[in-house]
C-alpha cells in the first residue's frame, strides 16, 4: 500500500505570508505551487521551488482564477478559451522558474474555484486540460476521483491522479462540506490520520451522516492554512509510515 | 548590408486594443511580445504569437515593470532580486505560449522604463540578464548599443543585438528625446526611411542639434503606437529593400 | 413626453483609450462613469468628470466587478457582503472626485455582469443597494424596469429609474440578446432612433421574433463602444427633439 | 505635555492578514487606514473603520503607491498629476466608507515610499496636498517635521502634524535608518517608551551615533508589523500616562 501526500504551497504574496511552507513542505511528497494569479508572486514562486527541491518533493503547478482578492475561491465566469490561456500561461511561468532552478515540473492541480468548476463542468475541464496539454503532455493532472477533469485528461491522453482529503468533511454524495460551514475542516491530528488510513487501507471515507463511501485516492491533500498544519502533516506522515504504508510522490508510484 | 526590423506588439489587454498588430507584424522581421505585466494578457499573447508565426517573424519576449496603469513607462524601484524574478517569470510565460504554438522564443528586449534603467544601471542590467540566463542561455538580448545591458549580457556569455530608432529623435549625447517632449516622435514615413538608411549605410544618426553621431545597429525599432505605424513600417521595409539592404531577423544575420 | 439619454463613459485605462467620450458626452443628458474596478483609473475618472461638467450632463457612478481583464463582463461569485463593500468603495471614490471638481453625484448604475446579476438576484440586488444607501440615500438607482434591483431600491426607500436600450436587440421575454450573438447590437442610426421613439411614445419594444412587449423607460442607454457611437447618439438626440420629445436628465424629469 | 499615538492599520488584503489590528487600535489615539492601493481592500477598510470607532480612535487615510506586490514601499515614478489623482481617489474612497459607518475622516498620512518621497520632493509634496485639498480642506496632514510635505500643507493652508518614531532608529541627519538595515527597528518595549519620553519631554531624539537631535512631534507612530506590536503599544501608552503625559488624538490637542 502506498500514497502520495500533497500540499498547496507558495501562496504568500509580497509582504503577506500564508502558512509555514518551510515546515509543511518537509512533511509531504508533492507540492502544488501557486502561479501568481490567485496567490504567489515571482519571488515567492522561486523561493518555494527551492524549498521543494531541498525537501525532495515533486513539484506541481497550482493555477487558479485571476482573483488575488478572492484568493481564487470565487467562481469567475471565464470562457473556455480564456481558461485554456490562463492555465497555459501560469503552468508555463512556473515550469520556467522550476527549470531555472534545475528541476522539472511534474504535475498540475487546479486551485480553488477552478478545481471545483473543472471537476463538474466538462467544457471547463477540457479547457484546463487543453492549456496543460498544449504546454507539456507528460504532466500528470491531480483532481477529484471520477471528475470531469479526470475524464478530460483521459480523453486527451494525459495521466491523472485522484486526490482525497483527510482533513475535510465529506457529504454523503462524495462532495466536500463547503469551507464556510461548521465542521468542514478537520484539524485534530489523530482524526486526520485515522481518516487517511481509512482512505488508503479500506479505500473508504465516512461522510457527515455516518455513511461510508468507497473512494480511490493516489494522493491525499494536506491543507496548509490551518494554524497547526505542519504538525498535522508531520503526524500524518509518521502515522502512515508506522502503519506500513509507503509515502512517495506520484511519479514513483507504479 | 543588412538589418533586422523589430516592433513591440501584443500590447492590447482585455477589451483594450492597442495598435494594429496584424498589419504591423507583416512589415517587420522580429517582434517583441508583451508578457502580461505592463501590457498583454494570456489571450493576447497567444493570438500575437500566432500572428507572428503566420508572418514568419522571429519571436521575442518584451518583459516590463508590473505596472499596467503606467504601461511600464514609470520607473519602479525594485530590488535586483525582484527584477531578476519578474523577468524570469515573464520570459518563461511567453516562452511557454510560444512552445505551445510550435515555435521557439529567440530574443528578449526589456520594455519601457525597465529598458531605460537596464541601459544605464549596471546592477539592474545584471539582474535582467540573470533572469533571462537562468531560463535559456541561447536567447539574444536586444538593447541600446554600448549600454550596461549589453555589458551585462557579454559578461554572462549571452549574445546581444544593438537597437536603433529611426522614428525617434536623438539628443547629442546619444540618448532619445523623452516621449513627452515636442519632436520626440518622427511620424513622417520619408524621414523615418531616410534616418534608417543613415543608420544602416553610414552607421550614423543626426541628433537634434544637427550633430552627427556614429551608431551601430543590428536592428531598428518600429513603434506601433503612432496612428500610421503600419504604413511607416511598410514604407520603411520597402525602402530598405529598394536600397539593396537585406532585411532579416537577427538569427539569420551572420 | 420626455426621456433621459445615458451613456457609459470613462472606460479608458492608462494608455488604453476606449470610445470617444468627448463627442459622446455632448449628446447625452446623463453619464455613468467607471470607478476603477472594471475600467477607468483615477486620472481618467477626473478628466471624464470635467467633460461631463462642461457638457452639463448629470454624473452617475458605474461600479463593476473587480475584473479589469474581463471588463466587468464576467460574473464573479462574490458574497453579498463583498458586493456591498466594493459598491460602497467605488461610489465613494467617484463621488469624491466629483465633489473635488465642484459638482455632485446624482445616480448609480451597476456595470456589466453586476448589472445583470443584480437585475435577477434579489440578494445581490439588496447588497448593491445597501452599499449605495450606506453612502448617500439621495442617489437614484438606474437599472432594468421591474428588476430585482428596482425592488431592492424601493425596499430601501431609494428612487430608481428604468432603463431601456434602443441599440440592443430584445428577446421575447424582455431580456437582451447576449452581446456575443449575431444581431445583438443595433448600429444603424435610423433604426436606433426608430426603436427609441417606439420606447418613448408607445412604451413598447419589438423583440427578435417580431412580438411587441410593453416597456417603461425613464432613460435610454447609448452604447459608446460601437465604432460610430457618437454619430448614433447625435442623431438619436436630434431625432427625439424633432419628434417633440424633451430630452433631460433624470433629476429634471417630474 | 501631550502627544498623539498613531498606527498604520487596515493593511490586510483578502485572505492575507497583517498585524493584529484589533489589539493595536485599542492602544492608540489615531489610526491611518490603508485605502486599497498598497494594501487593504473594501472589506478590510470597512471592518477597520468599525474597529477604530469602537476604540474611539481618530480615523485617517493612509494612501500609497498603487503597488500591492511591493506594499507601497518601492518608489514609483508617477507624475505630479498622477500622484494628485491617486491620492484624491484613495482619500475619497476611505472617507466614504467612514461616512457610511457614521464617522468622519480627520487626517491623511501618506504611506511608505510616497511618504518618503513627499517628505523630500516639493513637487510631489504639492501634488499630495493638492489631491487632499481638492477633497476636504479640513483634513490634517501627518508627516515628518520640517518636511516638504509640511511646507506644501502650509502653502495650501492645511493644518499639519509632525510625526516622530519611537520604534525606529534615527541617523544623525534626522532621517530614519532604512528598514532593511540592522538595528533599524526597535522592538524592546522599555526602550521604545524611553525614546518616546525623550521625544515628548525633551523634544529630542538620540541618533545612531549617540548624537542628540532636537525634534518636534505632535504624534508618535507605533508600527504594527513587529511581532509584539500591540504589547509595545500598550506599554507605551501606559508608560506615557504614568509619566503624566496626556495621550489624545490630534483634534483634541490645542
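If I go through the range B:188-217 residue by residue, how many of them are part of a loop (DSSP other than H, G, I, E, B) and under 23 Å from residue B:246 (Cα atoms)?
Result for the range B:188-217: 6.
Going by the structure shown, is residue A:158 free of Cβ contacts under 8 Å to residues at least 12 places away in the same chain, surrounded by 13 or more Cβ atoms within 10 Å (Cβ to Cβ) and under 30 Å from residue A:88 (Cβ atoms)?
no
If you check residue D:220 against the conditions, is it part of a strand (DSSP E or B) and at pLDDT 95 or above?
So residue D:220 passes the test.
For the range C:120-135, state whether one or more residues are closer than 17 Å to residue C:9 by Cα and touching a helix residue (DSSP H, G or I) at 6+ places or on another chain (Cβ under 8 Å).
Checking the range C:120-135: not a single residue is closer than 17 Å to residue C:9 by Cα and touching a helix residue (DSSP H, G or I) at 6+ places or on another chain (Cβ under 8 Å).
Of the residues that sit in the range D:58-70 and are part of a loop (DSSP other than H, G, I, E, B) and more than 12 Å from chain B (Cβ to nearest Cβ), which one is nearest to residue D:35 (Cα to Cα)?
So the residue we want is D:63.
How about the range B:110-119: which of its residues are part of a loop (DSSP other than H, G, I, E, B) and in contact with a helix residue (DSSP H, G or I) (Cβ under 6 Å, 6 or more places away or on another chain)?
Correct list: B:110 only.
If you go through the range C:146-155 one residue at a time, how many are more than 16 Å from residue C:112 (Cα to Cα), in contact (Cβ under 8 Å) with a residue 24 or more places away in the chain and either within 14 Å of chain D (Cβ to nearest Cβ) or buried (at least 19 other Cβ atoms within 10 Å of the Cβ) (or both)?
Looking only at that region, the number is 2.
Step by step: first the residues of the range A:6-29, then only those that are touching a helix residue (DSSP H, G or I) at 6+ places or on another chain (Cβ under 6 Å) and in a strand (DSSP E or B), then the one that is nearest to the other protein chains (Cβ to nearest Cβ). Which residue is that?
So, considering only residues that are touching a helix residue (DSSP H, G or I) at 6+ places or on another chain (Cβ under 6 Å) and in a strand (DSSP E or B), the one nearest to the other protein chains (Cβ to nearest Cβ) is A:9.
Could you go through the range D:125-140 and let me know if any residue there is in contact with a strand residue (DSSP E or B) (Cβ under 6 Å, 6 or more places away or on another chain) and away from chain C (no Cβ under 13 Å).
Scanning the range D:125-140 turns up at least one residue that is in contact with a strand residue (DSSP E or B) (Cβ under 6 Å, 6 or more places away or on another chain) and away from chain C (no Cβ under 13 Å).
Quick check: is even one residue across the range C:33-45 surrounded by fewer than 24 Cβ atoms within 10 Å (Cβ to Cβ), more than 9 Å from chain D (Cβ to nearest Cβ), in contact (Cβ under 8 Å) with a residue 12 or more places away in the chain and not in a helix (DSSP H, G or I)?
yes
If residue A:1 passes every condition in (1) modelled with pLDDT of 95 or more; (2) more than 24 Å from residue D:40 (Cα to Cα) but one, which one does it miss?
So the condition that residue A:1 fails would be (1).
Can you name the number of the only condition in (1) touching a residue at least 40 places away in the same chain (Cβ under 8 Å); (2) part of a helix (DSSP H, G or I); (3) within 14 Å of another protein chain (Cβ to nearest Cβ) that residue B:104 fails?
Among (1) touching a residue at least 40 places away in the same chain (Cβ under 8 Å); (2) part of a helix (DSSP H, G or I); (3) within 14 Å of another protein chain (Cβ to nearest Cβ), residue B:104 violates only (2).
For the structure I just gave you, tell me whether residue B:116 is within 15 Å of the chain's Cα centre (by Cα), surrounded by fewer than 22 Cβ atoms within 10 Å (Cβ to Cβ) and away from chain A (no Cβ under 14 Å).
yes
Which is under 24 Å from residue C:248 (Cα atoms), touching a strand residue (DSSP E or B) at 6+ places or on another chain (Cβ under 8 Å) and at pLDDT 95 or above, of C:50, C:46, C:104?
Only one candidate passes the filter, namely C:104.
Working only within the range A:6-32, note down all residues that are within 20 Å of residue D:38 (Cβ to Cβ) and surrounded by fewer than 24 Cβ atoms within 10 Å (Cβ to Cβ).
Answer for the range A:6-32, where residues must be within 20 Å of residue D:38 (Cβ to Cβ) and surrounded by fewer than 24 Cβ atoms within 10 Å (Cβ to Cβ): A:12, A:14, A:15, A:16, A:17, A:18.
Taking the criterion of being closer than 25 Å to residue B:233 by Cα and assigned to a loop (DSSP other than H, G, I, E, B), would at least one residue in the range B:145-157 satisfy it?
Checked the range B:145-157: at least one residue is closer than 25 Å to residue B:233 by Cα and assigned to a loop (DSSP other than H, G, I, E, B).
Could you list, in sequence order, all residues of the range A:71-91 that are more than 18 Å from the chain's Cα centre (by Cα) and in a loop (DSSP other than H, G, I, E, B)?
A:77, A:78, A:79
Matching residues to (1) touching a helix residue (DSSP H, G or I) at 6+ places or on another chain (Cβ under 6 Å); (2) surrounded by 13 or more Cβ atoms within 10 Å (Cβ to Cβ); (3) closer than 25 Å to residue A:11 by Cβ:
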| position | (1), (2), (3) |
| --- | --- |
| A:200 | no, yes, no |
| A:207 | no, yes, no |
| A:225 | no, yes, yes |
| A:231 | no, yes, yes |
| A:236 | yes, yes, yes |
| A:239 | yes, yes, no |
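With respect to the numbered conditions (1) closer than 22 Å to residue B:24 by Cβ; (2) in contact with a strand residue (DSSP E or B) (Cβ under 9 Å, 6 or more places away or on another chain), which one is the sole condition not fulfilled by residue B:152?
(1)
If you scan the range A:71-100, which residues turn out to be facing another protein chain (nearest Cβ under 7 Å), crowded, with 24+ Cβ neighbours inside 10 Å, within 18 Å of residue C:68 (Cβ to Cβ) and in contact with a strand residue (DSSP E or B) (Cβ under 9 Å, 6 or more places away or on another chain)?
If the condition is that a residue be facing another protein chain (nearest Cβ under 7 Å), crowded, with 24+ Cβ neighbours inside 10 Å, within 18 Å of residue C:68 (Cβ to Cβ) and in contact with a strand residue (DSSP E or B) (Cβ under 9 Å, 6 or more places away or on another chain), then A:76 is the only one that fits.
Does residue C:122 count as away from every other protein chain (no Cβ under 11 Å) and free of Cβ contacts under 8 Å to residues at least 24 places away in the same chain?
Against the criterion (away from every other protein chain (no Cβ under 11 Å) and free of Cβ contacts under 8 Å to residues at least 24 places away in the same chain), residue C:122 does not qualify.
So, residue B:136, is that one surrounded by fewer than 22 Cβ atoms within 10 Å (Cβ to Cβ) and at pLDDT below 95 or not?
The answer is no for residue B:136.
The values are calculated or read from the model by the stated rules, or taken from the named source; none is laboratory data. From a predicted model like this one, the values you see are computed outputs, not experimental measurements. We place every Cβ from the backbone using ideal geometry, glycine too, and count neighbours over all the protein chains shown.
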